[in-house]
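Student: This is the structure I have questions about; it appears just below.
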Amino acid sequence: MPFTSLKLDPSLLKGLKELGFVRPTPIQADAIPPAVAGKDVLACASTGSGKTAAFLLPILDKLISRPRGTTRALVLTPTRELAAQIVEQLEAIAIHTPVTSAVVIGGVGMGPQEHALRSGFDVIVATPGRLLDHMKSPYAKLDKIEHLVLDEADRMLDMGFLPDIKRILKYLPTKRQTLFFSATMPGPIATLANQMLKNPVTINLDRGSAPAVGITQALYPVQQELKSALFLELLKRGDMKEALVFTRTKHRANRLAEYLVRNGIKAERIHGNRSQTQRTEALAGFKSGKYRVLVATDIAARGIDVEALGHVVNFDVPPAAEDYIHRVGRTGRAEMTGEAFTFYCPDEEPDIRAIERAINKKLPRVVVEGFDYSARPAQRFEVPLAERIAEIRKKKAEDRARAAAKVARKGGGGGGSAPSSQQRSSSQRSSAPRDRSAEGSSPYASAGSGKSSRSGNRNRGPGRGPR
């Protein structure tokens, strides 16, 4: 079935043709017709299924003929990267239309976002937290919203956004179209869907959770301390041209990226502690080929959409089967093929069995010929948390000691730092029998003290005392 059979506006069909889209994916073929008809849609759609176009096309089709200057569509997403990706795809599809769009996310300035909200851009794609920041101001008006989309609703639940979503709903008109997309349908998400949707068309709700068909999956058993060496070996052998790698924590993402760079692999990392500028540059560099490896945590990786990404590597086994499905779904997107490798140590065996039960499939185990599984790493890959905390405390103690020593030096040299109350009291007691004018109760004594302090500063020389 070609896109022309979906009765979309000709300007959208022209944009789709220029992007090379000839026929809709299954989720697009199922979701677009009822959405164009104005019905609510509740769909289970896995990562990489083409769901973004499935909700954008019906909305764009409705907005093309509407007057400009009023925000009529709102898309809520869990992460900044996913929001940016949606706007990028929207602008590509709507290139021949007058529809305007803007992204409202944290980590960047609020000025351009305020302008978009004041101007009434047609479509706003936002993360819940930053949108609520704007809603505190009168310029942010969502009372004319006609189309609401919740994308990756299950992930928003995992990230604790459910209360924020409910707060945002209070700003929206009750009469609207709602399109609800989620890779899984846990109880709280089903409850939220029932509250938000009116007689929705349901799609794939009975679909079992599973990665896309075109993804080849394999498991690599290896000791925890040898995971980095095994990954480096596969990269050096050329088994992976490029790879998106998932780690359990931000600390491990940093350590792995640093390890790869030390060993001649161009790598960058993306996680919640990185600034938005750093995250954007890392993703752009990975897409352009500047970086061969992008190391990510689960949350930050939402929205990473790399065309023809060949490999996804689970450096750490995800604790939930749903996370595994989301991770490996970064490859094999839009009915393409890809490979997903998972490194696991004996401690992670229970999680592997849980994943295999969830996808109803026994995954093959792979032993890399020629790799020394008995080797001892030259250095520890990860510093244990207790040691990191102890090191932080030690550094803070050293900083406090240096600050105290600096204050003491300034006090001894007349450098202008006020002595503590205890020091003043002690000084007064010791000097009282000899010179009562030194008690500091006289304004002349205070003035003399200040003069002495200024003189002391002049004698310190440049760069050596308070300026």
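The values are calculated or read from the model by the stated rules, or taken from the named source; none is laboratory data. It should be emphasised that the depicted structure is a prediction, and the values quoted were computed from it without experimental measurement. Don't worry about glycine lacking a Cβ; one is built from the backbone with ideal geometry, like all the others, and counts go over all protein chains shown.
Student: What number of residues in the range 263-281 are surrounded by fewer than 14 Cβ atoms within 10 Å (Cβ to Cβ) and out of contact with any helix residue (DSSP H, G or I) (no Cβ under 9 Å at 6 or more places or on another chain)?
Tutor: Result for the range 263-281: 2.
Student: Go through (1) surrounded by 23 or more Cβ atoms within 10 Å (Cβ to Cβ); (2) in contact with a Gly (Cβ under 9 Å, 6 or more places away or on another chain) for Ile124 and report which single condition fails.
Tutor: Only one criterion is unmet by Ile124, namely (2).
Student: Could you tell me whether the range 276-294 includes any residue that is among the acidic types (Asp, Glu) and more than 16 Å from Ala84 (Cα to Cα)? Show your work before the answer.
Tutor: Start the filter on the range 276-294 by keeping residues that are among the acidic types (Asp, Glu), which leaves 281.
Okay, now just the ones that are also more than 16 Å from Ala84 (Cα to Cα), so none.
No, there is no match, as no residue in the range 276-294 is among the acidic types (Asp, Glu) and more than 16 Å from Ala84 (Cα to Cα).
Student: From the residues in the range 62-86 that are buried (at least 21 other Cβ atoms within 10 Å of the Cβ) and at pLDDT 95 or above, which one is farthest from the chain's Cα centre (by Cα)?
Tutor: Restricting to residues being buried (at least 21 other Cβ atoms within 10 Å of the Cβ) and at pLDDT 95 or above, the top hit is Leu63.
Student: Which residues, taken from the range 65-91, are more than 21 Å from Pro173 (Cα to Cα) and aliphatic (A, V, I, L, M)?
Tutor: Once the filter is applied, which keeps residues that are more than 21 Å from Pro173 (Cα to Cα) and aliphatic (A, V, I, L, M), the range 65-91 yields Leu82, Ala83, Ala84, Ile86, Val87, Leu90.
Student: Could I ask something else about it? Please tell me if Ala212 is at pLDDT below 90 and in contact with a helix residue (DSSP H, G or I) (Cβ under 8 Å, 6 or more places away or on another chain). Quick ask: steps written out before the conclusion?
Tutor: Details: at pLDDT below 90: yes; in contact with a helix residue (DSSP H, G or I) (Cβ under 8 Å, 6 or more places away or on another chain): yes.
So Ala212 fits the description; yes.
Student: Next question, about the same structure. Keeping to the range 258-277, report how many residues are over 21 Å from Val317 (Cα atoms), at pLDDT 90 or above and assigned to a helix (DSSP H, G or I). Walk me through how you get there before you give the answer.
Tutor: To start, the set of residues in the range 258-277 that are over 21 Å from Val317 (Cα atoms) comprises 261-266, 273-277.
Then keep just the ones that are at pLDDT 90 or above; that gives 261-266.
Checking the rest, the ones that are also assigned to a helix (DSSP H, G or I) come to 261-262.
Residues flagged as over 21 Å from Val317 (Cα atoms), at pLDDT 90 or above and assigned to a helix (DSSP H, G or I) within the range 258-277 amount to 2.
Student: Suppose we filter the range 154-177 for residues that are modelled with pLDDT of 90 or more, surrounded by fewer than 20 Cβ atoms within 10 Å (Cβ to Cβ) and not in a helix (DSSP H, G or I); how many remain?
Tutor: Qualifying residue count for the region: 7.
Student: Within the range 233-262, take every residue that is over 23 Å from Cys345 (Cα atoms) and not hydrophobic (A, V, I, L, M, F, W, C) and give me the one that is surrounded by the most Cβ atoms within 10 Å (Cβ to Cβ). Please lay out each step first, then the result.
Tutor: Going through the range 233-262, the residues over 23 Å from Cys345 (Cα atoms) turn out to be 238, 241-242, 261-262.
Then drop every residue that is not not hydrophobic (A, V, I, L, M, F, W, C), which leaves 238, 241-242, 262.
Working: Gly238: 7, Lys241: 11, Glu242: 18, Arg262: 10.
Per the criteria, the residue is Glu242.
Student: Look at Ser288 and say whether it is over 19 Å from Glu349 (Cβ atoms), within 18 Å of the chain's Cα centre (by Cα), surrounded by fewer than 22 Cβ atoms within 10 Å (Cβ to Cβ) and hydroxyl-bearing (Ser, Thr, Tyr).
Tutor: Numbers: over 19 Å from Glu349 (Cβ atoms): yes; within 18 Å of the chain's Cα centre (by Cα): no; surrounded by fewer than 22 Cβ atoms within 10 Å (Cβ to Cβ): yes; hydroxyl-bearing (Ser, Thr, Tyr): yes.
So Ser288 fails the test.
Student: Could I ask something else about it? Go through the range 8-48 and count every residue that is under 23 Å from Leu309 (Cβ atoms) and either surrounded by 16 or more Cβ atoms within 10 Å (Cβ to Cβ) or in contact with a Lys or Arg (Cβ under 6 Å, 6 or more places away or on another chain) (or both). Spell out how you get there, then give the answer.
Tutor: Residues of the range 8-48 that are under 23 Å from Leu309 (Cβ atoms), as a first pass: 16, 18-28, 44-48.
This time we only want the ones that are either surrounded by 16 or more Cβ atoms within 10 Å (Cβ to Cβ) or in contact with a Lys or Arg (Cβ under 6 Å, 6 or more places away or on another chain) (or both), so: 16, 21, 24-25, 27-28, 44-48.
Counting residues in the range 8-48 that are under 23 Å from Leu309 (Cβ atoms) and either surrounded by 16 or more Cβ atoms within 10 Å (Cβ to Cβ) or in contact with a Lys or Arg (Cβ under 6 Å, 6 or more places away or on another chain) (or both) gives 11.
Student: Scan (1) among the hydroxyl-bearing types (Ser, Thr, Tyr); (2) outside any helix (DSSP H, G or I); (3) within 25 Å of Ala37 (Cα to Cα) for the single condition Thr191 breaks and write down its number.
Tutor: If we test Thr191 against (1) among the hydroxyl-bearing types (Ser, Thr, Tyr); (2) outside any helix (DSSP H, G or I); (3) within 25 Å of Ala37 (Cα to Cα), just (2) comes out false.
Student: A further question on this structure: Within the range 354-370, how many residues turn out to be surrounded by 11 or more Cβ atoms within 10 Å (Cβ to Cβ), at pLDDT 90 or above and assigned to a loop (DSSP other than H, G, I, E, B)?
Tutor: 3
Student: Can you find a residue in the range 216-232 that is free of Cβ contacts under 8 Å to residues at least 60 places away in the same chain and out of contact with any His (no Cβ under 8 Å at 6 or more places or on another chain)? Walk me through how you get there before you give the answer.
Tutor: Keep residues of the range 216-232 that are free of Cβ contacts under 8 Å to residues at least 60 places away in the same chain, which gives 232.
Keeping just the survivors that are out of contact with any His (no Cβ under 8 Å at 6 or more places or on another chain) gives 232.
Yes.
Student: Has the range 313-324 got at least one residue that is outside the structural domain of Ile86 (by TED's automatic domain parsing), modelled with pLDDT under 85 and assigned to a loop (DSSP other than H, G, I, E, B)?
Tutor: Checked the range 313-324: at least one residue is outside the structural domain of Ile86 (by TED's automatic domain parsing), modelled with pLDDT under 85 and assigned to a loop (DSSP other than H, G, I, E, B).
Student: Among the charged types (D, E, K, R) and closer than 29 Å to Ser49 by Cβ, is that true of Arg66?
Tutor: Working: among the charged types (D, E, K, R): yes; closer than 29 Å to Ser49 by Cβ: yes.
Yes, satisfied.
Student: Among the candidates Pro138, Pro128, Pro186, single out the residue that is of a type outside the set (S, T, N, Q), assigned by TED's automatic domain parsing to the domain that holds Lys62 and over 23 Å from Lys51 (Cβ atoms).
Tutor: Values: Pro128 fails: over 23 Å from Lys51 (Cβ atoms); Pro186 fails: over 23 Å from Lys51 (Cβ atoms).
None of the others qualify; the one that does is Pro138.
Student: Of the numbered conditions (1) at pLDDT below 90; (2) part of a helix (DSSP H, G or I); (3) assigned by TED's automatic domain parsing to the domain that holds Asn263, Glu391 satisfies every one except a single condition; which is it?
Tutor: (3)
Student: Taking the conditions exactly as written (over 23 Å from Gln85 (Cα atoms) and either modelled with pLDDT under 95 or assigned by TED's automatic domain parsing to the domain that holds Gly38 (or both)), does Arg255 satisfy them or not? Full working, then the answer.
Tutor: On the way: over 23 Å from Gln85 (Cα atoms): yes; either modelled with pLDDT under 95 or assigned by TED's automatic domain parsing to the domain that holds Gly38 (or both): yes.
For Arg255, the condition - over 23 Å from Gln85 (Cα atoms) and either modelled with pLDDT under 95 or assigned by TED's automatic domain parsing to the domain that holds Gly38 (or both) - is met.
Student: Then there is this: Got a sec? Which of Thr97, Thr174 is in contact (Cβ under 8 Å) with a residue 60 or more places away in the chain and of a type in the set (Ser, Thr, Tyr)? Before the answer, list the steps.
Tutor: Values: Thr174 fails: in contact (Cβ under 8 Å) with a residue 60 or more places away in the chain.
Being in contact (Cβ under 8 Å) with a residue 60 or more places away in the chain and of a type in the set (Ser, Thr, Tyr) holds for just one of Thr97, Thr174, which is Thr97.
This table checks each residue for (1) without any contact (Cβ under 8 Å) to a residue 24 or more places away in the chain; (2) within 13 Å of Leu172 (Cβ to Cβ); (3) touching a helix residue (DSSP H, G or I) at 6+ places or on another chain (Cβ under 6 Å).
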{"position": "Asp122", "(1), (2), (3)": "no, no, yes"}
{"position": "Ala126", "(1), (2), (3)": "no, yes, no"}
{"position": "Met135", "(1), (2), (3)": "no, yes, no"}
{"position": "Tyr139", "(1), (2), (3)": "no, no, yes"}
{"position": "Asp143", "(1), (2), (3)": "no, yes, no"}
{"position": "His147", "(1), (2), (3)": "no, yes, yes"}
{"position": "Leu150", "(1), (2), (3)": "no, yes, no"}
{"position": "Met156", "(1), (2), (3)": "no, no, no"}
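Student: Inside the range 334-353, can you point out the residues that are at pLDDT below 90, of a type in the set (Asp, Glu) and surrounded by 15 or more Cβ atoms within 10 Å (Cβ to Cβ)?
Tutor: Glu339
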